[in-house]
């Protein structure tokens, strides 16, 4: 089951999608009862689905080279999925960023000029840190 696609911007080797992660997606069933989290396998599935559909039609999954899950993705959140296709390396890279009020967020707090703005106080942030990212190898 896919998220709700809010927008899509594409070039021949890159795509950026804005996705709404509805709480009703089956991925949240039982993962976990007290605090539902989007499983990593769902994030990988979506990256592969959109990557093959938009950037690499006709290519198949071969392997995952590396994947990092840095921040939990909760229900009813908006994600920015960035995909890059490097055909010469047969590699699809992806990253998910949590979006709040149209801006990238870290731990649900909006990042402004490399600082997190929360409750009227500023704190340093790791700007651009993805909720998750990875590299997928494809083959023909």
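The values are calculated or read from the model by the stated rules, or taken from the named source; none is laboratory data. These numbers come from a predicted model, not from an experiment. Here the Cβ is made from the backbone with ideal geometry for all residues, glycine too, and neighbour counts use every protein chain on show.
Can you confirm whether residue 13 is touching a residue at least 12 places away in the same chain (Cβ under 8 Å), closer than 19 Å to residue 133 by Cα and exposed (fewer than 13 other Cβ atoms within 10 Å of the Cβ)? It would help to see each step written out before you state the result.
Working: touching a residue at least 12 places away in the same chain (Cβ under 8 Å): yes; closer than 19 Å to residue 133 by Cα: yes; exposed (fewer than 13 other Cβ atoms within 10 Å of the Cβ): yes.
Taking the combined requirement at face value, the residue satisfies it.
Tell me which residues, restricted to the stretch 1-56, are under 14 Å from the mean Cα position of the chain (by Cα) and assigned to a helix (DSSP H, G or I).
Hits for the stretch 1-56 are 40, 41, 42, 43, 44, 45, 46, 47, 48, 49, 50, 51.
Just the residues that are modelled with pLDDT under 95 and closer than 20 Å to residue 14 by Cα, please, taken from the stretch 69-101.
The answer is 98, 99.
Limited to the stretch 57-83, what total is found for residues that are touching a helix residue (DSSP H, G or I) at 6+ places or on another chain (Cβ under 8 Å), under 23 Å from residue 31 (Cβ atoms) and assigned to a strand (DSSP E or B)?
5
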